[in-house]
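Scroll down for the structure; my scribbles are underneath it.
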Amino acid sequence: MRINLLGPFEVLDADGRTVDVGGPRVRALAARLALADGRTVSAALLIDDLWGDNPPAGASGTLHRLVSRLRSALPDTGTGHPLRSEPGGYRLEATVDARRFEDLAASGRQALADTDPATAARLLRDAERLWRGPALGGLGEAPYLTGATARLSDLRLRVSEHRFEAELALGRHAAVATEVEQLAANHPLRERLQGLLMRVRYATGRQAEALAVFERVRAELADRLGADPSPELAAVHVAVLRQDPDLAPNPPHPTPSAALTSFVGRESELDQLRSLLGRERLVTILGPGGAGKTRLARELLVQLSPDGGETRFVELSMVDGTAGLIPAILDSLGTRSPFPGGPADTDGHSRRDSGAGESITADSPTEFEALTATLHGRALLLVLDNCEHLATDVAILVERLLDTNPRLRILCTGRQPLDIAGEQRFPLPPLGLPNSDRPTTEAAAVRLFADRAAKVRPGFTVTDANAETVAEICRRLDGLPLAIELAAARTRIMTPSQLAHRLDDRFQLLTGGVRTADARHQTLRAVVEWSWDLLDEPERRLARRFSVFAGGATLAAVEAVCGGPDLPADRILDVVAALADKSLLEATDTDGPEPRFRMLDTIRAFATDQLAEAGERSGPGHAAAPDGPASPHPTEATATRTKHAHYFRQLAEHADPQLRGPDQPTALAMFQAEQPNLSSALRWALSTADTELALRLAASQVWYRLLRGSRYDTAITDDVLNLPGDDFPTERSTVATALAMAGVGFAGVDVPVAQRALTVARHHIDQADRSRHPLLSLWEPLLALHDKDLHGTRLELEKLLNPNDAWTQATASLFLGFVHNLDGDTSTARHHLEQAADHFERLGDRWGRFLTAQALAPIRSLNGDPTSAATTYREALAHLTALGTTEDVPMLLAQVGHELLRANDTNAARSELESALRLADRHGNREARIWSHCGLGDLAVATANLPEAEHHYRLAREAIAADSPTRRLIPVIESRTARLLHANGSPVAARSRLQTAITAALAADDLPSLAYAANTLAEIVLADGDPATAAEILGLAETIRGAPDQGDPNVARTTTAARTALGTADFTTAHQHGAHRTRAESLKRLTDLAEQTPASG
């Protein structure tokens, strides 16, 4: 386990995953124990450090609870729990970055004292890299933090000073000049730092400015402190006046200067690259324009130079052709070319590039010999930057140079590889974007945006208010550093929201580059145009056609959609490979059954413009699909979009039946991977008023959309149903039936939308061919269910139990289980669900198995076996995982936690509920978040921690969104809150909450929630001293739910207590008084009892 204190506080487990330990107070406790470096800290000292002069009442107990929460959150290390109770205090064992920092600092200082500046610089630089921001961030306001932060910050400053000393001893004055200037400006009276600044300025030829530093410090010391400069600073002043040669030792070799902007987000890549160059002689950094290849190479040289290795940097972007290649390298080595201006012909004119490396290998042997002679025997790292436009010539030259000098290492950067033996490719990925494992402000892309925005708009920070917008900007710009920097520059006059709104026209927006940068780096369009201009015509043709793919594509899709007479299918593979080599396409899912290719959004936007501007007429081989709309002369864009739409329509129609059998996981994965393309194709069909194409695309996706539930796109489906006409009744009925089904529980579709779908289905169902999609066989039971006719629904479903279609039979059994459970007949529901499970098992339909398990689990719990219910939920989870679906995992984990709590396995329950909550927050799953907080609240009640219970119930209420399906959970939250209020001595408020719960559950026809509210009321009434009414209400709950809840420990306790108070005979009489009513009578009686004012009120 690792604890990081040098920046925002974080705890990482053995696999590097972030561990959420709790709120600021718990984090402050963990940090304080981590600062002790494995030593025991007394309870008294912890109380003083955490609360200072204002400890809470019962501080020891509060501290003990904090320790318990921290212990529960921390992972077991395998050798015992890291947080241990010791006599008189507590001890935490962990790897702490602050400890590592202090060890490196001490070693670096010792190396400097031992006159080993290279080692000192390396160690001290490694120490500084451990810092991720201000120390001890996110820990609240514990009193100890002020002193601890100040100590660590001062040590960090001293480490920087020692590193500057080491680097100056190596002659790296220019390389550290920017850092020393910035740090000295922040600490104007720190004399050692000001002395370093004087030495840097003197060594870089600014003696007058160096002397001015001394005069400024002397004046400020006299004015503020009435003191004189220290003898050490005075000695530097005298040395400058005397022009002491020791102030500017000659560097062992020229070094690249430090950049004027901070290096953000590529720390991991820098470490990987340094490691590669330690064992490889030729490495090529690959990436699209603006990926940061040049900056990474320069930063590497800045960091490598002090370690004693010779380095040279050669910028090739301005080299125009082969003739300038060797002279550019010779110039970087300080050697003049034997042919100034390039190799000359006999008439004295500069010879131009004849291609294929001729001037390197044949026409200019003298020049090549001059280069090899200059490099002979030198242990040198040579960086060749921006090689893509000279790729062939660079490849030939590099191969020969490496053969002639075994001590030479070469680092190239470019948009395509050299493709020679021994080349180690280093693809440079986009900067890290926010995701479920990486908070927005920690993502490298967001950090770069914030850093550059603050340069043009001082004070700019990423806040809760703008974080999601900044993250969206970074995502839409593909995490490309240059694009992000250009966007950040616009914050001088625009807000992040305005920026995000205008990104559809990114090439017009992002034009404000640094004036001193290369022209190709001053606008986003210029960056992409540089790559585009290096393509041959087949590559451009494929690239612009590829832009129609919204979510990437397989090779088969590219061949089907992009091919034509001008781009034969048998050439597609080679052209795709060429585009991938040139960083215009990237291969993804390379470990899966079939790799996919994708185009960065910025490149895709450019290629889309090129496709629109192409204006070509398609020939016979690039015409629209045979069954597509007639168009004698479609443009290249129209023809490609049409082929794209028909290709994915055929793909979906082929895969749809597989969603209901053993090939379901494969089909589901295909639909999931191709959703962006399928949605794009459907929008294209709608925009071109191609009714048949739109309806067939929509109909072939309905079952996938139902399976995915929360992803049901009702807006676009509504647009399909609004297409005019009465043609294609089967497709119209299929789409409408699916949308109506989503409205009765599958995906929380709004009632008005579902009503419109029912109207469309009623209009077309009689003309539909129901044999073409099994969903249509469910039309009659769906209609009855929508009308809340449960009896009619059961009758219609029973007609489907013996059809020729086994899947329809399984689904009918499943829905019969749902309906009987809704009606309170849990015994019959269980029978049908078990039948459905057997049918789906034989069919190999994991989705059906998942649904049946999820429906069976609560019935088993109701029947008194919560342990079996937890196992059944885990079976559902296994089926879901096999399908590659993650959205519902948090909800299932929460349900497992609830059942474990009912089984009195509190430790396991807490673990599952906390895991569910973390995943729910990560995926934005509100329903799972609510259930998790309810379960943790129940757990707190069970352990008599009522404040914690109130906290979780409050968070559950806050997670309910207006006009959302989560509002159906109001009854379960209000019932729990009522129990808590009563326990806290507020019986009137408790009754009020129960009334709210019952009203909401009645409105939703939610029998389980009504029964839960009734059992809660029985518990409260019993506590108020009325066991007879409590027994009656328990009977009402059984009638409402259809069975007693034998798995709820609260119900068991209430039942036992009421029977004990009344005696068995009187309890039975009172219980039957409630249980023998009809459901309608029971609901009326429950409402009346809930409205009664408690006698104690």
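Across segment 528-551, the qualifying residues are those that are in contact (Cβ under 8 Å) with a residue 60 or more places away in the chain and part of a loop (DSSP other than H, G, I, E, B), and the one among them that is farthest from Leu477 (Cα to Cα) is Leu534.
Does Ala637 fit the bill of being over 22 Å from Ala673 (Cβ atoms), modelled with pLDDT under 85 and not hydroxyl-bearing (Ser, Thr, Tyr)? Against the criterion (over 22 Å from Ala673 (Cβ atoms), modelled with pLDDT under 85 and not hydroxyl-bearing (Ser, Thr, Tyr)), Ala637 does not qualify.
Working only within segment 754-783, note down all residues that are more than 22 Å from Arg794 (Cα to Cα) and not in a helix (DSSP H, G or I). Across segment 754-783, the qualifying residues are Ala768, Asp769.
All told, Ala623 falls short of being more than 23 Å from the chain's Cα centre (by Cα) and modelled with pLDDT of 90 or more.
Confirm whether Ile960 is closer than 19 Å to Val1051 by Cβ and of a type in the set (A, V, I, L, M). For Ile960, the condition - closer than 19 Å to Val1051 by Cβ and of a type in the set (A, V, I, L, M) - is not met.
If you filter segment 831-865 down to residues that are of a type in the set (A, V, I, L, M) and under 16 Å from Ala812 (Cβ atoms), you find that the one that is surrounded by the fewest Cβ atoms within 10 Å (Cβ to Cβ) is Leu843. Only residues that are surrounded by 11 or more Cβ atoms within 10 Å (Cβ to Cβ) and more than 50 Å from the chain's Cα centre (by Cα) were counted across segment 198-214, and they come to 4.
Among Pro481, Pro496, which is of a type outside the set (Ser, Thr, Tyr), modelled with pLDDT under 85 and crowded, with 24+ Cβ neighbours inside 10 Å? Even if it seems obvious, please write down each step before you answer.
Numbers: Pro496 fails: modelled with pLDDT under 85.
Testing whether each residue is of a type outside the set (Ser, Thr, Tyr), modelled with pLDDT under 85 and crowded, with 24+ Cβ neighbours inside 10 Å leaves just Pro481.
Total residues in segment 861-892 satisfying the condition of being in contact (Cβ under 8 Å) with a residue 60 or more places away in the chain and over 25 Å from Arg922 (Cα atoms): the figure is 7. In the set His81, His64, only one residue is assigned to a loop (DSSP other than H, G, I, E, B) and either in the same structural domain as Asp126 (by TED's automatic domain parsing) or free of Cβ contacts under 8 Å to residues at least 24 places away in the same chain (or both); that residue is His81. Here is a check on your reading of the model: is Arg525 among the basic types (Lys, Arg), at pLDDT below 85, more than 21 Å from Pro417 (Cα to Cα) and buried (at least 16 other Cβ atoms within 10 Å of the Cβ)? Answer is yes for this residue. Can you confirm whether segment 266-280 contains a residue that is at pLDDT 85 or above, surrounded by fewer than 19 Cβ atoms within 10 Å (Cβ to Cβ), under 23 Å from Ala587 (Cβ atoms) and in contact with a Gly (Cβ under 9 Å, 6 or more places away or on another chain)? Looking through segment 266-280, at least one residue is at pLDDT 85 or above, surrounded by fewer than 19 Cβ atoms within 10 Å (Cβ to Cβ), under 23 Å from Ala587 (Cβ atoms) and in contact with a Gly (Cβ under 9 Å, 6 or more places away or on another chain). Taking each residue of segment 784-798 that is under 16 Å from Thr808 (Cβ atoms) and looking for partners that are surrounded by fewer than 20 Cβ atoms within 10 Å (Cβ to Cβ) and of a type outside the set (A, V, I, L, M) with beta-carbon atoms closer than 6 Å, six or more apart or interchain, yields Glu796/Glu780. In segment 785-808, is there at least one residue being in a helix (DSSP H, G or I) and closer than 25 Å to Leu877 by Cβ? Within segment 785-808, one or more residues are in a helix (DSSP H, G or I) and closer than 25 Å to Leu877 by Cβ. Looking across Arg151, Arg192, Arg201, one residue alone is assigned by TED's automatic domain parsing to the domain that holds Arg99 and of a type outside the set (A, V, I, L, M). It is Arg151.
Counting just the residues of segment 1053-1068 that are loosely packed, with under 15 Cβ neighbours inside 10 Å and in a helix (DSSP H, G or I), which one comes out farthest from the chain's Cα centre (by Cα)?
Of the residues in segment 1053-1068, the ones loosely packed, with under 15 Cβ neighbours inside 10 Å are 1053, 1056, 1060, 1063-1065.
From what's left, in a helix (DSSP H, G or I): 1053, 1056, 1060, 1064-1065.
Details: Arg1053: 45, Thr1056: 50, Thr1060: 56, Thr1064: 59, Ala1065: 61 Å.
For segment 1053-1068, the residue satisfying everything is Ala1065.
Considering Phe671, Phe728, the condition of being surrounded by fewer than 24 Cβ atoms within 10 Å (Cβ to Cβ), modelled with pLDDT of 90 or more and on the phi > 0 side of the Ramachandran plot is satisfied by Phe728 alone. State whether the residues of segment 900-907 include one that is in contact with a Lys or Arg (Cβ under 6 Å, 6 or more places away or on another chain) and either closer than 17 Å to His952 by Cα or touching a residue at least 24 places away in the same chain (Cβ under 8 Å) (or both). For segment 900-907, residues in contact with a Lys or Arg (Cβ under 6 Å, 6 or more places away or on another chain) and either closer than 17 Å to His952 by Cα or touching a residue at least 24 places away in the same chain (Cβ under 8 Å) (or both): absent.
When the residues of segment 81-122 are filtered to those that are of a type in the set (Lys, Arg) and at pLDDT below 90, the one that is nearest to Leu63 (Cα to Cα) is Arg84.
Being modelled with pLDDT under 90 and either part of a helix (DSSP H, G or I) or on the phi > 0 side of the Ramachandran plot (or both) is the requirement here; does Arg705 meet it? First the steps, then the outcome.
On the way: modelled with pLDDT under 90: yes; either part of a helix (DSSP H, G or I) or on the phi > 0 side of the Ramachandran plot (or both): yes.
Against the criterion (modelled with pLDDT under 90 and either part of a helix (DSSP H, G or I) or on the phi > 0 side of the Ramachandran plot (or both)), Arg705 qualifies.
Restricting attention to segment 944-987, which residues are among the β-branched types (Val, Ile, Thr) and at pLDDT 90 or above?
Here is the first cut: in segment 944-987, the ones among the β-branched types (Val, Ile, Thr) are 960, 966, 970, 972-973, 977.
Matches in segment 944-987: Ile970, Val972, Ile973, Thr977.
Kindly indicate whether Thr1016 is polar (S, T, N, Q), under 30 Å from Asp825 (Cβ atoms) and within 36 Å of the chain's Cα centre (by Cα). The answer is no for Thr1016.
The values are calculated or read from the model by the stated rules, or taken from the named source; none is laboratory data. The shown structure was predicted, so the numbers you read here are calculated from the model rather than taken from an experiment. So basically every Cβ, Gly included, is an ideal-geometry build from the backbone, and we count neighbours across all protein chains shown.
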